[in-house]
Amino acid sequence: MAAIVLASLNMRAALASVAPLVGEIAADFGLSSTASSLVTSVPVLFLGAGAIVAPWLGRRFGPEAVLLAALVLLGAGILVRVLPSVYALYGGGVLVGTAIALLNVLMPGLIKRDFPDRAASMTSLYTGAMIAGATLVAAASVPLEEAFGGSWEASLAFWSLLAALAATAWLPQVLRARGRTGRGRNGVGRTEHVSRTGQVGRTGQVGRTGQVGRTGHEVRAAAVPSVPATRSVWRSALAWQVTLFMGMQSLWTYVLIAWMPTIFTDHGMSRSTAGVIFAFNNLTQVAGAFAVPLLAGRMRSQRPLVVLVTTLVAAGYAGLLTAPVQGAWLWAALLGVGQGGAVGLALTLIVLRAGDAVTASRLSGMAQTVGYLLAAAGPLAAGAVHQATGSWTVPIVLVLCVCAAALGVGLLAARDRKV
């Protein structure tokens, strides 16, 4: 549980650390609004691309080993991103996005496997930790920059230490997993035990198709049930509904991660105040991320929660459209509770709509592959439209349209059914 929490703290930290500093980064490299939006869009794009291979890697090497490798890759990506080259800036973003994708995809299946009776509460714990990490980083990025003599590079690089701490916590999990699944000298896996005399112990299981009795004779009957074949989640309408809800809530969240401080500063707010309000937005997400999955686990249909979170997000965006500076704290709070609740609900739907850990892993891979590829378009499109129109009005109106679409698809995804 401690290792899960430490890994979760890193799942948004490397993304949230950039938003308060994007103005300085753009100024140093001479980037336009569209080009600077790629600083946050590239990692989100690779959240989707990395999610494609995550389920296969988890099956091939085990989720614990892949999570450890992802944390090491994340720390490396953070350090690469601060090298004095625009190519390194974007290349480090590729590494960061790929690493976070592995963490995102494998965590629901791991929780479904190890905490089957507490899946909703564990989802609440790890989503809350994920958002708490983003809150800490968003609040500390500008003060760290000032403490390091105005160096945004040092401020970003500092958070590689958080990834290193989490990787250290996952190392014992990898060793334990190898002990459970590794083969002994006699070549017998974890479900078999062979004594020195060659007799089969209590489990007596051989593979998936047979069983060995006390006399050593193989019984061809299927005494050990095999894993049932499941149809592809890509052919399930319900899986697509869960996926689209994941993608749309990710899109509105990453638009804010990329542009919320800039929206405030473009309307006359100081950079430090905008950073504090952005951190407050992340802080209020913790409440939604903790509460909504717990409520979802107690409900047969999660439709009321879909209505709640999408309404809160839409109200917050409407506030940014009408009075961005005057009501900044209120809009940040509404958006925060809605964002946190939406991501917690989306991740909980993956667990609740899946009938077993295997399906949960596959559905997680699908939802986060397509969802984050969709979400990656958000910051980039918002930056491009802002540059073309010279205003934040049209980008915010487009996000409000996304909120309406998320409400419709979310109501379908929240039905009490299984993929």
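The values are calculated or read from the model by the stated rules, or taken from the named source; none is laboratory data. Small disclaimer: the values here were computed from a predicted structure and weren't measured. Note: ideal-geometry Cβ built from the backbone for every residue, glycine included; neighbour counts use all protein chains shown. Ligands, DNA and RNA are stripped out before the accessible areas are found, and what is left, the full protein with its side chains, is counted by its heavy atoms. Shrake-Rupley method; radii C 1.70, N 1.55, O 1.52, S 1.80 Å.
Relative to the present Cα-Cα distance, how much length would full extension add between F148 and I52 at 0.36 nm per residue of separation? All intermediate terms of the calculation are to be shown ahead of the outcome.
Values: separation 96, 0.36 × 96 = 34.56 nm, distance 3.80 nm.
That pair, F148 and I52, stretches by 30.8 nm at full extension.
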For V307 paired with S232, estimate the spin-label separation in nm (one decimal), with each label point 7 Å from Cα along the Cα-to-Cβ line. 3.7
Can you run phi through the Karplus equation (6.51, -1.76, 1.60; θ = phi - 60°) for the stretch 121-133 and list ³J(HN,Hα) in whole Hz, with x for Gly and Pro? 5, 5, 4, 4, 5, 6, 5, x, 5, 4, 6, 4, x
State the volume of the convex hull built on the alpha-carbon positions of the stretch 314-419, expressed per residue in Å³ and rounded to an integer. 94
Using DSSP to call loops (not H, G, I, E or B), can you name the trypsin sites (Lys or Arg not before Pro) in the stretch 83-150 whose Cβ has at most 16 other Cβ atoms within 10 angstrom? none
Listed by chain and number, the residues whose amide H is under 5 Å from that of F158, excluding neighbours fewer than 5 places away on the same chain and using placed H, are none
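Once the convex hull of the C-alpha atoms of the chain is built, how many Å³ does it hold per residue, rounded to a whole number?
That works out to 133 Å³ per residue.
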Tell me, what % of the accessible area of the chain is carbon and sulfur with a 1.4 angstrom probe? 64
Highest mean first, what order results for 397-406, 32-41 on Cβ atoms within 10 Å? 32-41, 397-406
Given 5 Å bins starting at zero, what is the percent of C-alpha pairs of the stretch 1-111 in each, up to the one with the largest pair distance? 2, 13, 23, 23, 16, 11, 7, 4, 1
Diffing the stretch 284-296: the Karplus 3J(HN,Hα) column from phi (6.51, -1.76, 1.60, θ = phi - 60°), in whole Hz with x for Gly and Pro, holds 5, 5, 4, 4, x, 5, 7, 6, 5, x, 5, 5, 4
Using the Karplus equation 6.51 cos²θ - 1.76 cosθ + 1.60 (θ = phi - 60°), what ³J(HN,Hα) coupling, rounded to whole Hz, does each residue of the stretch 31-44 give in order, writing x for Gly and Pro? 8, 6, 4, 5, 5, 5, 5, 5, 4, 9, 6, 4, x, 5
Residues in the stretch 380-419 that a label on D266 would reach, taking backbone N under 14 Å of a point 7 Å out along Cα→Cβ: 380-399
For the stretch 310-419, with every protein chain kept in place, what is the accessible area per residue (1.4 Å probe, Å²)? 33
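Per DSSP H run of n ≥ 4, the term is -39500 (n - 2.57); total these for the chain, divide by its residue number, and report the mean residue ellipticity at 222 nm rounded to 500 deg cm²/dmol. Present the calculation step by step, with values, prior to reporting the outcome.
On the way: 15 runs with 311 residues, N = 419.
Result for the chain: -25500 deg cm²/dmol, rounded to the nearest 500.
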